[in-house]
Amino acid sequence: MLYPQEFDVIVVGGGHAGTEAALAAARMGSKTLLLTHNIETLGQMSCNPSIGGIGKGHLVKEVDAMGGAMALATDEAGIQFRILNSSKGPAVRATRAQADRVLYKAAIRRMLENQPNLWLFQQAVDDLMVEGDRVVGAVTQVGIRFRSRSVVLTAGTFLDGKIHVGLNNYAAGRAGDPPAVSLSARLKELKLPQGRLKTGTPPRIDGRSIDFSKCTPQPGDGMPGGMGDKVPVFSFMGHAGMHPEQVPCWITHTNARTHEIIRSGFDRSPMFTGKIEGVGPRYCPSVEDKINRFADKESHQIFLEPEGLTTHEIYPNGISTSLPFDIQYELVRSMAGLENAHILRPGYAIEYDYFDPRGLKSNFETRPIAGLFFAGQINGTTGYEEAAAQGMFAGINAALLCREQAPWLPGRDQAYLGVLVDDLITKGVTEPYRMFTSRAEFRLQLREDNADMRLTEAARQMGLVDDARWEAFSRKRDAVSRETERLRSLWISPKNLAAAEAERVLGKAIDHEYSLAELLRRPDVSYASLMSLDAGRFASAELPVGNADVPRETAEFSFIDAVVEQIDISAKYSGYIDRQKDEIDRAAHYEHLKIPAELDYLQVTALSFEVRQRLSKLRPETLGQASRVSGVTPAAISLLLVHLKKHG
Ligand code: FAD
């Protein structure tokens with residue numbers, strides 16, 4: 001049957017990439033259909049019940065700054081929040097939350113069901129409709145044909161998925177879900193560049209069988225004993241009042257006996273016996289991989305993380321494994337507190353198809369098939385956050401394609417999303433790709449705290465941001481700029497500041513006149529301390545920090561905290577950031593210099609044959625992208641530039 005309505009954008013897959021893709025396209029006004037195996041699993045977390053972390057939290061904040069769902073859903077579902085790296089510089093500080101799976105899925109589903117321009121349909125997609133070199137829709141398992149102008153494929157770990165537990169294996173998309181076998185075969189027919197990757201998950205444990213008195217509690221920020229005194233919030237539109245009850249996690253350790261048990265299972269490990277061909281994530285290794293690679297390490301920390309408020313299920317973070325079940329049983333029971341543990345679900349590894357992202361254009365449209373976009377784990381990444389960011393990106397670009405507008409391509413200096421997309425399309429992946437702050441050369445300006453300042457305006461212009469978010473953002477942006485100006489206009493001199501007061505706040509007396517903005521650039525001077533000078537004589541009425549007459553201590557991060565944080569960080573890092581901006585400006589011309597699509601690299605004889613071959617295969621769209629292709633040296637880029645200038 002041909003479905004009577006036509007769509008602008010069809011999104012296949014209701015995981016983290018698919019849900020953000022569908023929401024973004026629909027927010028932009030595209031008539032969007034989300035086709036997924038099962039409506040009950042919309043927004044399902046396949047593995048760990050947590051969102052964020054270093055590099056990943058940055059992506060979540062960016063998705064949020066553009067009106068996406070992940071951060072708000074986490075604020076509604078988060079049962080423990082922490083700021084990681086809180087004692088380090090702001091560029092590497094990151095939010096992480098433990099989420100209640102049920103609440104998270106419910107929040108995502110509610111957002112999807114209430115999104116105008118978005119339709120949901122439960123059915124496996126087995127085929128794509130392709131006419132010439134253009135996708136025109138998708139066909140479901142029972143033959144329903146949905147027509148559309150673009151399709152965003154976000155099939156996650158499902159394409160030809162195969163689960164391994166010891167030497168046993170079976171076809172599945174993840175535990176409890178079917179694989180997508182027909183669609184995988186169809187994509188192979190279309191000759192898109194493809195490979196196999198793998199990932200794994202730990203066994204889950206019934207909390208009632210754990211002796212927590214033998215484990216160390218790990219409270220979240222804002223909880224008694226927690227590292228930070230305020231409860232963090234993920235979304236720029238969120239507040240701690242949205243969070244459900246906060247609970248601790250627990251820590252136990254592997255020991256010599258655990259390691260012995262794990263080693264005794266190596267001969268039945270699908271990883272070590274060659275049953276698994278796909279490459280796994282080096283940064284998130286299975287416990288057997290850790291014991292094998294770091295043989296002299298005597299113990300590893302294992303975090304016991306609650307899966308939710310209405311279940312006893314515990315996620316033991318750190319023992320992801322595909323060893324046989326008898327080994328899993330023994331290894332779990334060898335750890336303190338877990339002597340009588342009951343395993344609720346066995347751990348497993350999953351192998352699946354991914355597509356080489358170097359086969360995508362910069363907007364994530366596949367090169368050979370117009371209108372077909374890929375996003376999420378299918379592009380060789382791992383992680384909910386990486387998937388969500390890519391999904392939103394592909395959804396935006398699919399909607400722009402339907403509007404016949406130019407794609408939205410954030411730069412590496414603008415967003416982690418820009419780094420992620422650029423890394424994928426220029427370098428490809430050799431193992432599941434995850435985000436780290438070290439991947440971003442301009443990370444000083446790509447902070448969590450300023451994701452809204454970097455992206456909300458662009459998102460508003462594309463129609464992604466609603467009025468409430470825009471008003472909240474504008475209020476913050478204007479307050480920051482008003483206060484920054486005020487600090488520039490307030491001066492103190494040795495004459496009007498008592499030496500003792502200068503000593504208290506600035507560490508020593510001042511020798512000449514300074515503006516408060518200048519003083520704030522000093523590493524040990526904070527906005528709050530400046531505002532406390534002379535009993536708050538400089539304190540602002542709008543931001544009553546340091547003004548003793550206005551009580552404002554709250555246990556949660558407030559609007560005032562957000563504005564003050566922005567002013568503080570911008571002042572402290574302004575020197576570095578200005579230098580970085582100069583670098584970016586100098587590089588910008590070449591970064592965005594277009595390489596003609598029809599350029600015949602084989603004729604650019606100044607380049608080595610290897611470089612010519614590599615570039616003709618990958619066909620970068622700009623000189624900046626060419627410079628990041630592996631094996632392409634700065635010297636080769638200069639030669640290519642000379643060629644472009646001569647023939648341009
Ligand atoms: P998914 O979340 O997998 O969602 C795919 C969606 O597409 C599902 O809703 C599915 O039903 C639907 N779908 C697929 N094919 C079809 C079709 N043909 N028709 C209709 N619907 C379809 N990440 C980490 O960061 N760390 C880890 O340690 C980690 N371990 C993992 C362990 C396991 C066992 C698994 C399965 C995943 C693990 N992940 C891990 C990865 C994480 O789950 C993914 O990165 C993330 O969920 C990817 O999001 P996605 O939207 O791309 O795909």
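Quick note: the coordinates plus some simple rules give every number you see, no bench work behind them. Everything numeric here is computed off the predicted structure, so don't read it as measured data. Here Cβ is always computed from backbone atoms with ideal geometry, including for glycine, and neighbour counts include all displayed protein chains.
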Legend entry - Calculated Rg and Dmax of the chain using C-alpha coordinates, Å: 26.3, 85
Legend entry - Expected 222 nm ellipticity per residue - DSSP helices of 4 or more, -39500 (n - 2.57), all of the chain, to 500: -10500 deg cm²/dmol
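Over the chain, what is the percentage of antiparallel beta bridges among all DSSP beta bridges, to the nearest 5?
DSSP beta bridges in the chain are roughly 70 percent antiparallel.
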Legend entry - When each of LYS617/LYS646; LYS56/LYS572; LYS290/LYS427; LYS230/LYS476; LYS31/LYS476 is checked by Cα-Cα distance, pairs over 30 Å: LYS31/LYS476
Legend entry - More than 20 angstrom apart: percent of Cα pairs within the range 241-328: 44
Inset, instruction - Straight distance only, please: which aspartates and glutamates reach the Cα of LYS508 with their own Cα at less than 18 Å, same-chain residues fewer than 8 apart left out? - result: GLU518, ASP524, ASP534
Inset, instruction - Would you work out which of SER532, GLY428, TRP470 lies farthest towards the positive end of the dipole of the range 424-538, given +1 charges on the beta-carbon of Lys and Arg and -1 on that of Asp and Glu, about the Cα centre? - result: GLY428
Inset, instruction - Normalising by the residue count of the range 1-105, find the relative contact order in percent from Cα pairs under 8 Å and 6+ residues apart. - result: 25
Inset, instruction - Between GLN141 and HIS647, with labels modelled 7 Å along Cα→Cβ, what's the label distance in nm to one decimal, could you check? - result: 5.1
Legend entry - Reachable aspartates and glutamates, given that their alpha-carbon falls under 15 Å from the alpha-carbon of LYS162 and they are not under 8 places away in the same chain: ASP177, GLU277, GLU351, ASP353
Inset, instruction - Just round it to a whole percent: the fraction of Cα-Cα distances in the range 93-234 exceeding 26 Å. - result: 52
Legend entry - Net charge over other residues, Cβ less than 15 angstrom from the Cβ of ALA502 (K, R count +1; D, E count -1): -2
Inset, instruction - Identify all aspartates and glutamates with a Cα-Cα distance to LYS191 below 12 Å; exclude those on the same chain that are fewer than 8 residues away in sequence. - result: ASP356
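Quick one: longest stretch of the chain between exposed loop chymotrypsin sites (Phe, Trp or Tyr not before Pro), exposed meaning at most 13 other C-beta atoms within 10 Å and loop per DSSP?
295-648
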Inset, instruction - Among VAL505, VAL136, GLN80, pick out the residue whose Cα is farthest towards the positive end of the charge dipole of the chain, where Lys and Arg carry +1 and Asp and Glu carry -1 on C-beta, about the Cα centre. - result: VAL136
Inset, instruction - Can you tell me the relative contact order of the chain? Whole percent, Cα pairs under 8 Å, sequence separation 6 or more. - result: 17
Inset, instruction - Give me the distance between the Cα centres of the range 232-272 and the range 80-125, rounded to whole Å. - result: 18
Inset, instruction - Scan the chain and hand back the longest stretch that contains none of the GluC sites (Glu not before Pro) lying in DSSP loops with at most 15 other Cβ atoms within 10 Å. - result: 1-244
Inset, instruction - Note the full-extension length gain between ALA295 and TYR170 as 0.36 nm times their separation in residues minus their Cα-Cα distance, in nm to one decimal. - result: 41.9 nm
Legend entry - Positive-end residue of VAL611, LEU167, ASN255, charge dipole of the chain with Cβ unit charges: VAL611
Inset, instruction - Determine the distance separating the Cα centre of the range 570-648 from the Cα centre of the range 520-541; give it in Å without decimals. - result: 46
